[in-house]
Structures are given as structure tokens and as C-alpha cells.
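Student: Let me give you the structure first, and then I'll get to my questions.
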Amino acid sequence: MKVLITDGNERAALAVTRALGRQQVEVMVGAESTRSLAASSRYCQQRIIYPSPYQEPERFVTSLLKVVQESRIDALFPVSDIAMHVLGPEKSRFEPYTHVPIPTAEAFQEISDKYRLMRQAVEEGVPIPDTLFVPDGRLEELSDRVTEFPVVVKPGCSLVKDGGQWTKTKVCYANTREELQRVYRDRPYLRQPSLIQRRVVGEGRGLFVLMQEGTPLGMFAHRRIRERPPSGGVSVLRESIALPKDMIEATLKLLQRVRWHGVAMVEFKVDSTTQRPLLMEINGRFWGSLQLAMDAGINFPFLLLNMARGRTETVPENGYRIGVKSRWLLGDLDQLLMRLTRRENSLNLPPGVPSRLQSLMSFCRFFQRDLYYEIEQWEDLGPSRFEILQYLKLA
């Protein structure tokens, strides 16, 4: 078997490369440069370079199509949001030559657009944070309805297309009405549908799923222990937990409606006051903490490959180890440096966060039972060396 994966510098791409390589699958890694995180793995058999999907999306598609045709690729796995956005509408061009186990472009857009997703969640009775829907950026007509601060401003889409190119948007915090008005004034992409949400204080949780045309084949849940930045973002230390029934119910309501096909990560935050999990977003592709699921016993990439080949496998409920931790060491170092070097008010920290001393002591717990390191693995040290050099700007 031969699989081509995109976005070699994503940590999820490294996790996919290792997961498939250990099952004797030949893995080709694509990126915009010859060297990448996943391509540094011993399990990468071949690397390819392609044009930027942000700046040259059509050339990105045609270059991958050429590789698929010439190299007889059995499956193509897009890893990032941009790859999904660009390749999804072109899926039919690849299907005569390979398997592309992803949802329809319409389904992906519906769950990736936070504005549309939150609207649908309200209709389906899925709890979300207190939300003000801003359809066109005209904040002056709605700002009086924002009565408590701080708030979180979320663009409807994490990527927007301007002409023939794609650009990233950014989630922002506003601590005052003046800051809120400035955010909307300074960011042109907020003229498109966006959300103003009450900031939720509580534990972040994620539900990972693999589905075949809306039928769940495997599920996995985790909680976030630390994030980068410390105010909330990418998880750098996380732990597997038993499947929460309320999160499963919410996930199935939203994904079965669009007959979801492939993998997804549904993100929640448990409100510390009500203890209810509130929907944050859905990532309709492989997720950054994918390695945790494999350390705990579920090989999502290999299950996805088997599904694409018509060899469907179903994972038993809670068919993985609980209490397994996964640590992204350099990401964890980054969040610690932010805590030690920056003022707390500049980090938008939620109430009740550990002190700087507590953060330092917690960071120094390098050896724990059932703790695994995401990048640093003794039998595959290439990615760790590459990441350290990149971190030090030497690669």
C-alpha cells in the first residue's frame, strides 16, 4: 500500500506517517519544501514538493494529481484545513486514480464555518456559549447587546479566499467596548459573518471520530491539561478520558445530519459554573493531538485507510486506555516562557490559573506513568532533531 499525505510540517502529518509506516504502509510526504517534520521520520519513504495551496491552489491540485497518477497512490490524505478547502471541491478529479476518504466539500464547509455551525447547533439543541451572531460586520447595530466583557470574537471561517489566494483569520479577545469596536474596524474579514461569544472558563475537551457516511466507526475523548498560549489554543499536554455521553450525543446530531465521511475532532469546553460541555468548533480533518489516540490504542490513520479500501473496522466503545498523557515538549516550553516573561493581563489568562512558580514546577515533571512524548521517540529521532533545529532557527 502507498499513501500520500499533505502538510509535512504539521504534527498531525507526523503522527499519520508513523501510524501508517508502522503498519508497513509506504508513506509519501508532501510539503512546500524538501525538508519537513514528517519527512524527517524514518517511516517517510519519499518526499515531494508542491506549490503553496494558499497562494497557488490550482497548481497545488495539479501537482498532487500528477503524483497520484504517476506513482500509483492507493490513498491521498489531506491533513490541514487549507488542504481540505482546496482539495475537497476537486475530489472527483482524483477518484479515478486513488481513494480520498474525506467528506463532500459542502459537508466540510458546513461544519468548518463556525457561524453556520453554531446556528445549526442552536437548532439541534446542542449547548453553545452565549453568542451574538454578526452577519455582516455592522457592529454598531448590535454592540449594545454586548453587556459583559471580556468576549471572544471569532470569524466565521478560519480561512477566507480573496481573489485566487487564501488567507488565515484570527480569533481575538476584547476586554472593553472600545477594543471590540477596534477589532471589527481593523480586520476586513470580519465584514463577513462572525461571532461574539462570552468567554467560557473551564476544561477543554475533544471528541475524535471516524465516520463512514454518517455511521460512527470509532470514537476517542481527551481533556486538555495545558495549552499554548496559556489563555487557550493548541493543547501541549492532554490526557485520554472515557467517552462522555453528552459529547457523543451532540457530535452525532451535528455530523450525522451531513452524513460525515472521514475523521473529525469536535471541540468542547466544560463550563466551570454549570459543568455543561459547550460546543466550540469542529475540525473536519486530522487534529494536532492525534498521537495521543494512538498512544492510547486507536490507530485512526490506519482505520481510515482500511475504510477507504472497503475493509471497515469498528472500534468498541471506550476501546482504548484511559489516563494516557501526550506531551508536545517544545509547545509546552513555549507556553511556559509566555507565563514567565509576559504580564498576566497581556496573556488574557482566565481566572484560577496556576501561579508562575506552580507552572514551572508542573513543567519540570518530565517522567510520569503513562506519559508519552509526541515528537521525541527513541526509535524515530529524526523529527525531534528537525523540530529543535527549526525552533532554534538553524534548519
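The values are calculated or read from the model by the stated rules, or taken from the named source; none is laboratory data. All figures in this text were calculated on a predicted structure; none of them were measured in a lab. We place every Cβ from the backbone using ideal geometry, glycine too, and count neighbours over all the protein chains shown. Accessible surface areas use protein heavy atoms only, side chains included; no ligands, DNA or RNA. Shrake-Rupley method; radii C 1.70, N 1.55, O 1.52, S 1.80 Å.
Student: Can you give me the number of residues within segment 336-395 that are touching an Asp or Glu at 6+ places or on another chain (Cβ under 7 Å) and either assigned to a loop (DSSP other than H, G, I, E, B) or among the hydrophobic types (A, V, I, L, M, F, W, C) (or both)?
Tutor: Total meeting the criteria: 2.
Student: Now for a different question. So, in segment 126-180, of the ones that are of a type in the set (Ser, Thr, Tyr) and touching a Pro at 6+ places or on another chain (Cβ under 7 Å), which residue ends up nearest to GLN256 (Cα to Cα)?
Tutor: THR169
Student: Can LEU64 be described as out of contact with any Lys or Arg (no Cβ under 8 Å at 6 or more places or on another chain), within 23 Å of LEU14 (Cβ to Cβ) and crowded, with 17+ Cβ neighbours inside 10 Å?
Tutor: Answer is yes for this residue.
Student: Something else: Among strands (runs of 3 or more DSSP E) lying entirely in segment 180-255, which contain 3 or more residues that are open to solvent by 20 Å² or more (accessible area, probe 1.4 Å)?
Tutor: Ranges flagged: 202-212, 215-228, 234-241.
Student: Which residues, counting only those in segment 68-83, are open to solvent by 10 Å² or more (accessible area, probe 1.4 Å), over 14 Å from GLN46 (Cα atoms) and assigned to a helix (DSSP H, G or I)?
Tutor: GLN69, ASP81 - these are the residues of segment 68-83 that are open to solvent by 10 Å² or more (accessible area, probe 1.4 Å), over 14 Å from GLN46 (Cα atoms) and assigned to a helix (DSSP H, G or I).
Student: Could you list, ordered by first residue, the pairs with Cβ atoms under 7 Å in which the first is in segment 281-305 and among the basic types (Lys, Arg) and the second is at pLDDT 95 or above, at least 6 apart or interchain?
Tutor: ARG285/PRO78; ARG285/VAL79; ARG285/SER80; ARG285/ASP81; ARG285/MET84; ARG285/VAL263
Student: What is the residue count in segment 256-268 for residues that are more than 15 Å from the chain's Cα centre (by Cα), crowded, with 19+ Cβ neighbours inside 10 Å and of a type outside the set (A, V, I, L, M, F, W, C)?
Tutor: 1
Student: Which one is farthest from LEU87 (Cα to Cα), of the residues in segment 46-55 that are surrounded by fewer than 16 Cβ atoms within 10 Å (Cβ to Cβ) and touching a strand residue (DSSP E or B) at 6+ places or on another chain (Cβ under 8 Å)?
Tutor: GLN46
Student: Same structure again: Of all residues in segment 1-34 being modelled with pLDDT under 95 and not β-branched (Val, Ile, Thr), which is surrounded by the fewest Cβ atoms within 10 Å (Cβ to Cβ)?
Tutor: Ranking the candidates gives SER33 first.
Student: Cβ-Cβ below 6 Å, separation at least six or inter-chain, first residue in segment 29-43 and among the aromatic types (Phe, Trp, Tyr), second open to solvent by less than 30 Å² (accessible area, probe 1.4 Å) and not in a helix (DSSP H, G or I): which pairs?
Tutor: TYR43/VAL27
Student: So, one more: Test TYR372 against the stated conditions and say whether it is surrounded by fewer than 18 Cβ atoms within 10 Å (Cβ to Cβ), modelled with pLDDT of 90 or more, in contact with a helix residue (DSSP H, G or I) (Cβ under 9 Å, 6 or more places away or on another chain) and under 30 Å from GLN45 (Cα atoms).
Tutor: yes
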